[in-house]
Structures are given as C-alpha cells and as structure tokens.
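The structure appears below as structure tokens.
The values are calculated or read from the model by the stated rules, or taken from the named source; none is laboratory data. Fair warning: this is a prediction, and the values are worked out from it, not measured in the lab. Note that we place each Cβ from the backbone using ideal geometry, even for glycine, and neighbour counts take in every protein chain shown.
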Amino acid sequence: PVIKRADYRPPEWQVPEIALDFALSLTATRVRADLKVVRSDAASGPLRLDGDGITPGSVLVDGAAHNDWRMDDSQLVIDLPGNRHTVTIETEIDPTANTQLSGLYASNGMLCTQCEAEGFRRITFFPDRPDVLSVYSVRMAGDKAAFPVLLSNGNPVASGEHSDGTHWAEWHDPWPKPSYLFALVAGDLVASRDTFTTRSGRKVDLAIYVRAGDETRTGHAMKALIDSMRWDEEVYGREYDLDLFNIVAVADFNAGAMENKGLNVFNTRYILADPETATDGDYDAIEGVVAHEYFHNWSGNRVTCRDWFQLSLKEGFTVLRDQQFSADMGSAPVKRIEDVRILRAAQFPEDSGPLAHPIRPDAYQEISNFYTATVYNKGAEVIRMMTVLAGPERFRAGTDLYFDRHDGEAATCEDFVKAIEDGAGLDLKQFRRWYEQAGTPRVTATLTQAGDTATLTLSQTVPATPGQPDKQPMVIPLRTALFDRDTGKHAGEQLLVLTEAEQSFAFPGFTALPVLSINRGFSAPVAIDMAVATADLVFLAAHDDDPFARYEAMQQLMVRHLVAAVSGELTEAARAEGLAAIRDVYAAVLADGALDDLMRGELLILPGEGYIAEQIAQADPSSIHAEREALKRWLGSELAAQWHALHDRCTAVPYSLEAAARGARKLKTQALVYLAASDPAEAARRAKAQYDSADNMTDRQGALMVLAGIGAAECDEARCAALADFHARFAGNALVIDKWFSIQAGALHPDTLKHVTALADHPDFTMTNPNRVRALYMAFAANPQAFHAADGAGYRMIADLILRLDPINGNVAARFVPPLGRWRRIEPTRAALMRAELERIAAAPGLSRDVSEQVSKSLNG
Ligand code: ARG
Ligand code: ZN
C-alpha cells in the first residue's frame, strides 16, 4: 500500500498519558500498557491502534473486560462508547527472536529498543504516529543479575528489589513525546559519568552506559556531548531540559544512533574510541553523531514531526546543526569539503536514479526507506541555503521564532519555512520548490566580456525524476567572485540569486575577461556546467581564496580529464597537457607552505569513481577505474620524490589529536596510496614499516589498506602477514574486526571478490549484526572494481546477500538495493546483468516491504 502526504488526516484519538509495565525476559517479555485515550472533536470512529507482529493478550476498558474489539489486518480496533477512557492491553514479545532490531530486542544479553520510525507498534498497540504526543510512565521489573541497569526516558522515580533476585524501576518523562522517542534499556552495563551545568544553572548528570571494559573508551564521546550542550546554548540559544542525559552504546543497531528523549541509544561505533582502535575519521564521526543526537532534543523532540513525510524537518535541520558544530570544533573549510564530498557520493546518485525523491517525499510504502542522503544531507543543504540568503543573525531570528512558535508541537516543513520567512524577513515563496522537486539542478554559466563590462549568463534546468517529468526554476544562491588575471585578486564576493530559467548579471570595471569563481563554499547543492579553459582551473587551484572553490577547481581539472579520457575523446597531446596541468597543481599544493596539512590532504584527493560516473550518461565502470588508476600512477611516479619526502616528514610527527598531527596522518597514508599505484614494492616497504611502528589506528589502518590493495605477487607475504597480525591483535574487539572485514572488501586487490566470498564463511562473520554485514558487503558494493566485475559476479553476490538477509533484517537488506538500482546509468552489458539480479530478487516470495519497494522502484522507476 502506498501512503501519500496529501492524505494526512489529524488523529481521531489522542493519548495524553500512557503507563507501561514491563516484565522483562530475553525470550518472553510481558508488556501491559494503560492508555488514557481522548476522542478528538468531531471524531466518531473507533479507536484504532497499530500493531506489528503482536497479538493482544487481553483488552480492558476502564478496568473491565471489553469484548468490542477486532483485528483489522495488524490494527487493533476498539469500539468505545464515550470520549475518554482508559484502555489496558497486554502483549508478550520475544526480544531474542527479534532479528529485525526494531521494537524491543536482545543484544549480547541486554534488552534495548529502537522505535523510530514504526518500532513501537512491535512492543504494544498504539497510535504509532508522530502527531500523537503522550506523557510516559514506565515501570520495569526483571532479574537483577541479568539486568542490573534499568533505564527509560526522563527521570527515575522509584526502584526496589525483591527477595527472589528480581528488582524493578520506575521512570517518568515529563515531556510529552511521540512513541518513536520511547526507549527502554535493561542490561549489565557500566556508566562513565560527568556533569554539565546549563546557562540557567540546571546541573545535568551525564552518563554513557557501555559493557564492562569499554568504559575507558568513552572519553571522546563525553567531551563531544559536553561541547554540544554548550554549543547549542551559544549558537542556537537551546538549553537542555532534564536533570539527566543518558547514552547507551549497543553493538547490534540498524542505524547510527537514536535521539530518544533523555536516553539516546547509539551504535557502539559512534561512542567507543581510543587511539589504538579508532581512526581520526572515527573520532570525527563520534563527535558529529553525538552532537546530532543531542541537537535532536530541540530539533526533533521539543518540536517533532507531524507525519513521516516531514522527516527532513528534523533530520535536515539537525544535520545542518551538527555540520555547523563540527565546523566550529575543527577546521571549517575541511568540514565543508567533506560534507560536499558525502553529498556528491551519496545524494547526487539518489537524485539521478530511480529512487529520486524530494527532501519532503510525497509518497512511500515503507518509511524506513526514506532515511536517505536526500532527506538528511540535501535537507541540510536546503536549510543551509536559507542561512546564505538570510545571513547568520537573521537566520537565528528565524530559528528562535520556529522553536518558540512550535515548542511542544508536531510540526511540518511548511511551518519551518514560514517561521524562517517571518523571523528572518525572507520571501521563500519560490524557494519552497526545494521541498517539492527532486533532482539536482544543473546550472550553466557563461562569462563574456565587452568594453568595460563582464557579463555572466546563468541558466538552470532541473532534470526529470520519477513522477516529476516537468520542473520549475529553483531559487539558487551562488556566492561568486571574479578574479583579475593579472593581480590574482578579486574585488569582493557577491551573492547572485538565480531565480529564472535564464538570467544575466553585469559586472562593470572589467576591460579583460576575468576568471569566474562560482558556487563558492558550495552555497547551493547544484551541478555547475561551464566551458572553462584548463588554464582558468589551474589559476583557481592556485589563487582562489575560498578553500572550497580551490578544492573544486582541482576536482574539476581532474574530472574533466578523466571524463574525456573515458569517452575516448582525448588526443595524446590533450592527454599529456591535462596530465601535466594536474601534476603541476599537485606539486604546487605539496609545496605550498601556507596550507595546513588537513587542508592539503583534502586538495590531494582524487575524485571518486561514482562521482566521475555521475558525469556520464552510461558509464563504463572498468574504464573509469582504469583511467583513475592511471592518473594516480602518473601522479605517483611524476611526484615520487615529493611523496617520499612527505611520507618521511609526516612519519616524524608524534601522535596527538591536534590538527597538525591529524593532518600529518592523513597525508602519510595518502603518500602511500599514490606510491602504491606507481611503485608497489616501495609502497609495500613503507606501508609495512608504517604498520609495524604504528601507535594509533589511523596509521595502522591506512597502512593495512594500502598493503591489502597491492596485488603484486612479491608483496603477498607482507599483505597476508599484516592482515593476520591485525586480526590476531584485535581479536574480540568487534569494531576493529569490522575494519578488518571492510579493508579487505574495499581493497584494490584484483582478487577481492574471491576474498569476500571466503570472508563470508569466516567464523567472525555473522548475518545478524548489521555492523558486520555492512563492514563486509557495503564496503564491497562501494568498491567499483569488485562490484562491477564484468561477468556480473559482484552483482550476484549483492543480490544473494539481499535475499539471505531480508528475512533476518529487511531494513538493512533494503540498503543494498540502490547500488544495483543504478543500472540505467551503466553501460548496456553490465546494465542487463544488474537488472537481471533485481528481477531475480523481485521474483522471490515473501520479500519485506522494505526490499520490495526498493526493488520495484529500481526496476520501474
Ligand atoms: N533519528 C535517527 C537519527 O538520525 C535515525 C533513526 C533511523 N531509523 C530508521 N528507521 N532508519 O538520528
Ligand atoms: Zn537524526
């Protein structure tokens, strides 16, 4: 069944209060729910409560047995005579059998919940929709030895124990919330504790609960939490609103983390870190996700979503907030480049494929399929454009008004836009199309010059996407500068706002053609087409004072070269000229003493194969791979001396979490990557030395990644030895063993497919842990050389995985469909193989709604 945004109706019944009583057990937890239900004005229908995989043991109304109920599919329908009643329902669930990890489930002997989006209905019958807000009182009782820690949302109210070895606890959350924010955790956990005093003087007890032994690895997450709490007060004026804030880390988790009120539940990978086991990237991800979940307390919890079509209301805004936070905590330019790289790698393909949807979708079959890069990352970009249009102060006035106006409500994206309009004093009428239209706009820029005036002509098109053949022009804010070729300077940046299909902007004062720097800071999530000379890109790569624009010029230089090379358009002379230009800008970046190493590392990243493929109507993955490797090899050999010197210089920098040391670590492994392409023996020697002397995971993982990718037979011994050492050294540390799987599945090695097949039978592999499944198979699906094997073996492997995983965990299985769904954008032979695998999946009986929606859209969309 398709759920449509236009069909929204307010709930017929509200549930102002709910009391839940859990008799905890790993295999048979009994739940009693007391719902105070209140009929909405003008409503006359029965009470309809959602359920999923549960049956009502008994139904009482106002304390008495009640027979006027029936099941309508999975909904429990109760006829009620009056407008206010108390409905009591008992259910029993088996958390251990819950391999979907949605609702109440068991993980390593503990019990925990994941209710967003529709997991609460797997615990008890309830109007499981975000516009029903209730005050929760929770009681739980269970074996004290098995579950010494008993947690839920809000504040602890009472607890006690019995002589039979059981104990109990009661929790009360004063803040009305939708069911998706409910959480319960029971298990043998230890807490790392700290406190934070809010600016109005509330002392908040902070705790991060982990399994015994892991408490030494929570320091970074705790620091991120405290930094987030302070930052949200300073930057958005948002203060925390309970006396305690609990985080629990769980090893089995479908997503990254969950913002349950006062009780965030996290995937262990976004909590646990120490230098030996976590990379610099892991540290950054922990900081970002801890902040993201904390920021949801306002953007998500205090103001929640009216319905799931509004998901970007909380997710897009909260991603923007966590991006701004991370930018403030570290290097803002580097963070911006990383965010754009993620957008281009993950969201642009969504926008140009069969699963394209607006940031506020119009229809879905399974809402879990809409926790996408479009809703999250493009959603953040859309709100970021509002900050560009309004400026920081006026944007803040807009968000203040939003929080003030909608506190305690279930709001819509429209409410948000209206509040920014009113508070910031913007007219966002046409801007609202960003919420309506899918697809990445393409802007064509043409710069001419005559007399003393330069003229920039901009035109835009928004490509057709499934269900949206015709598009209207968008509002596209483009931060722009025109550089004087002689001085290498510009006279100030301007904000051009493109609103028409085509528009011209005149710039007096130019007697010669300037160099155009456009979409600086990536002010709009669009693709820019411009006929620009290689020399101009070289100019910008050297002179642009906007760090993102400088990065972009280098990317453009390489993308253009690679796209031309792949399409066979490149004459030998043009190839030589392109390579020389790229080598020269690389040499300049390597030599530029004014650059910090973190930024240098960004500038020296080759464009990804997926992003290159995006530029081509029907891409041949093998030639893209070959050309990109050839460019890497060329840079490796042409700049060999510089890479050696860089590796030596960076190796001498001792470990710390300071930016300079992190920059050195980033460059150290990058040097190895380029060398591995041109001189595998030397790269292997250096990688082995780096591995053997590593005192931190960034260096160790980088070295192992390089070694694992070298296919030369004479390096096989070093490769195998390092992989064996890594596995033995970190045996029992699940997060690091995940890395061991990922490194091999993502490796450049020509036998990766064979290796992955063998790894699937490794005793450490399991289909029931999402992190492990993603470590092996997401890394594989993101490895273009392996996934796009010409005989289709990579496609078959992913299709087989989807079919095996679907009955265990449909939510995670569905995440593997989009790589196959790209078939229309791949050359015909592979496209047919990909399509055939999708058809094989579609023909299988009993598919989950998750997989079935993604597969049918991928075939027909
Ligand atoms: N709200 C969570 C977050 O972004 C993610 C929940 C994921 N749920 C899902 N069904 N995929 O912070
Ligand atoms: Zn979120």
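Among the residues in the stretch 162-173, are any at pLDDT 95 or above, touching a Phe, Trp or Tyr at 6+ places or on another chain (Cβ under 9 Å), under 30 Å from Trp13 (Cβ atoms) and surrounded by fewer than 22 Cβ atoms within 10 Å (Cβ to Cβ)? Within the stretch 162-173 (the criterion being at pLDDT 95 or above, touching a Phe, Trp or Tyr at 6+ places or on another chain (Cβ under 9 Å), under 30 Å from Trp13 (Cβ atoms) and surrounded by fewer than 22 Cβ atoms within 10 Å (Cβ to Cβ)), the answer is yes, since at least one residue qualifies. Counting just the residues of the stretch 236-266 that are crowded, with 23+ Cβ neighbours inside 10 Å, aliphatic (A, V, I, L, M) and away from ligand 2 (no atom under 16 Å from the Cβ), which one comes out farthest from Lys203 (Cα to Cα)? Only one residue tops the list, namely Val250. Within the stretch 301-324, the set of residues being under 17 Å from the mean Cα position of the chain (by Cα) and away from ligand 1 (no atom under 15 Å from the Cβ) comprises Gln324 only. In the stretch 271-317, the residue that is farthest from ligand 2 (Cβ to nearest atom) out of those that are in contact (Cβ under 8 Å) with a residue 40 or more places away in the chain and β-branched (Val, Ile, Thr) is Thr277. Only one entry of Gly256, Gly213, Gly237, Gly262 meets the criterion of being on the phi > 0 side of the Ramachandran plot and either modelled with pLDDT under 95 or touching a strand residue (DSSP E or B) at 6+ places or on another chain (Cβ under 8 Å) (or both), and that entry is Gly262. Of the numbered conditions (1) at pLDDT below 95; (2) surrounded by 16 or more Cβ atoms within 10 Å (Cβ to Cβ), Leu498 satisfies every one except a single condition; which is it? Status for Leu498: all satisfied but (1).
Asn246: within 18 Å of Ala221 (Cα to Cα), touching a residue at least 60 places away in the same chain (Cβ under 8 Å) and touching a Leu at 6+ places or on another chain (Cβ under 6 Å), yes or no?
In short, yes.
Residues in the stretch 101-139 that are within 16 Å of ligand 1 (Cβ to nearest atom), part of a loop (DSSP other than H, G, I, E, B) and not hydroxyl-bearing (Ser, Thr, Tyr): Leu101, Cys115, Glu116, Ala117, Glu118, Gly119, Ile123, Asp128, Arg129, Pro130. One residue is enough: does the stretch 538-551 have a residue meeting the conditions more than 28 Å from the chain's Cα centre (by Cα), modelled with pLDDT under 95, assigned to a loop (DSSP other than H, G, I, E, B) and of a type in the set (Asp, Glu)? No, because not a single residue in the stretch 538-551 is more than 28 Å from the chain's Cα centre (by Cα), modelled with pLDDT under 95, assigned to a loop (DSSP other than H, G, I, E, B) and of a type in the set (Asp, Glu). Hey, does the stretch 50-63 have a residue that's free of Cβ contacts under 8 Å to residues at least 40 places away in the same chain and surrounded by 18 or more Cβ atoms within 10 Å (Cβ to Cβ)? Within the stretch 50-63, one or more residues are free of Cβ contacts under 8 Å to residues at least 40 places away in the same chain and surrounded by 18 or more Cβ atoms within 10 Å (Cβ to Cβ).
In this structure, does Tyr777 turn out to be over 20 Å from the mean Cα position of the chain (by Cα) and modelled with pLDDT of 95 or more? Criteria not met by Tyr777. Among residues of the stretch 256-268 that are closer than 13 Å to Val210 by Cα, those with a beta-carbon under 8 Å from a residue that is near ligand 1 (Cβ under 9 Å from one of its atoms) and charged (D, E, K, R) at least six positions away or on a different chain give the pairs Asn264/Glu293; Phe266/Glu293. A Cβ distance below 7 Å, combined with a sequence gap of six or more or placement on separate chains, defines the contacts here; from the stretch 377-400, residues that are within 17 Å of Thr318 (Cα to Cα) reach residues that are assigned to a loop (DSSP other than H, G, I, E, B) and among the β-branched types (Val, Ile, Thr) in the pairs Lys378/Ile359; Gly379/Ile359; Val382/Ile359. Consider Ala97 carefully, then state whether it is surrounded by 21 or more Cβ atoms within 10 Å (Cβ to Cβ) and farther than 27 Å from Val38 by Cβ. Answer is no for this residue.
Just to confirm my filter: which strands (runs of 3 or more DSSP E) fall fully inside the stretch 469-525 and include at least 3 residues that are touching a residue at least 40 places away in the same chain (Cβ under 8 Å) and either touching a helix residue (DSSP H, G or I) at 6+ places or on another chain (Cβ under 8 Å) or β-branched (Val, Ile, Thr) (or both)? Passing ranges, in order: 476-483.
Residues checked against (1) closer than 27 Å to Ala397 by Cα; (2) aliphatic (A, V, I, L, M):
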{"position": "Arg202", "(1), (2)": "yes, no"}
{"position": "Arg211", "(1), (2)": "no, no"}
{"position": "Asp214", "(1), (2)": "no, no"}
{"position": "Val250", "(1), (2)": "no, yes"}
{"position": "Glu259", "(1), (2)": "yes, no"}
{"position": "Asp280", "(1), (2)": "no, no"}
{"position": "Ala285", "(1), (2)": "no, yes"}
{"position": "Gly288", "(1), (2)": "yes, no"}
{"position": "His296", "(1), (2)": "yes, no"}
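Filtered by the rule that a residue be of a type outside the set (Ser, Thr, Tyr) and outside any loop (DSSP other than H, G, I, E, B), the stretch 140-157 gives Met140, Ala141, Gly142, Asp143, Val149, Leu150, Leu151, Asn155, Pro156, Val157. Here the condition is being under 17 Å from Ala832 (Cα atoms) and either of a type in the set (Asp, Glu) or in contact with a His (Cβ under 6 Å, 6 or more places away or on another chain) (or both); of Asp791, Asp761, it holds for Asp791 alone.
When the stretch 338-391 is limited to residues that are outside any helix (DSSP H, G or I) and small (Gly, Ala, Ser), the one that is surrounded by the most Cβ atoms within 10 Å (Cβ to Cβ) turns out to be Ala356.
Restricting attention to the stretch 325-334, the residues that are buried (at least 20 other Cβ atoms within 10 Å of the Cβ) and away from ligand 1 (no atom under 16 Å from the Cβ) add up to 1.
Working carefully through the options Asp227, Asp205, Asp241, find the one that is assigned to a strand (DSSP E or B), more than 16 Å from ligand 1 (Cβ to nearest atom) and among the acidic types (Asp, Glu). Criteria check complete, one pass: Asp205.
For every residue, the table says whether it meets (1) of a type in the set (Asp, Glu); (2) farther than 25 Å from Ala501 by Cβ; (3) touching a His at 6+ places or on another chain (Cβ under 7 Å).
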residue	(1), (2), (3)
Ile359	no, no, no
Thr387	no, yes, no
Gly391	no, yes, no
Phe416	no, yes, no
Asp427	yes, no, no
Gln430	no, no, no
Gln437	no, no, no
Leu447	no, no, no
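Here's a check for you: in the stretch 272-304, which residue that is among the hydroxyl-bearing types (Ser, Thr, Tyr) and in a helix (DSSP H, G or I) is farthest from Lys335 (Cα to Cα)? That would be Tyr294. All of Pro349, Pro333, Pro354 fail the test of being farther than 30 Å from Asp280 by Cα and either of a type in the set (Phe, Trp, Tyr) or touching a residue at least 24 places away in the same chain (Cβ under 8 Å) (or both), apart from Pro354.
Among the residues making up the stretch 741-762, those that are touching a residue at least 24 places away in the same chain (Cβ under 8 Å) and among the hydrophobic types (A, V, I, L, M, F, W, C) are Phe741, Ile743, Ala745, Ala747, Leu748, Leu753, Val756.
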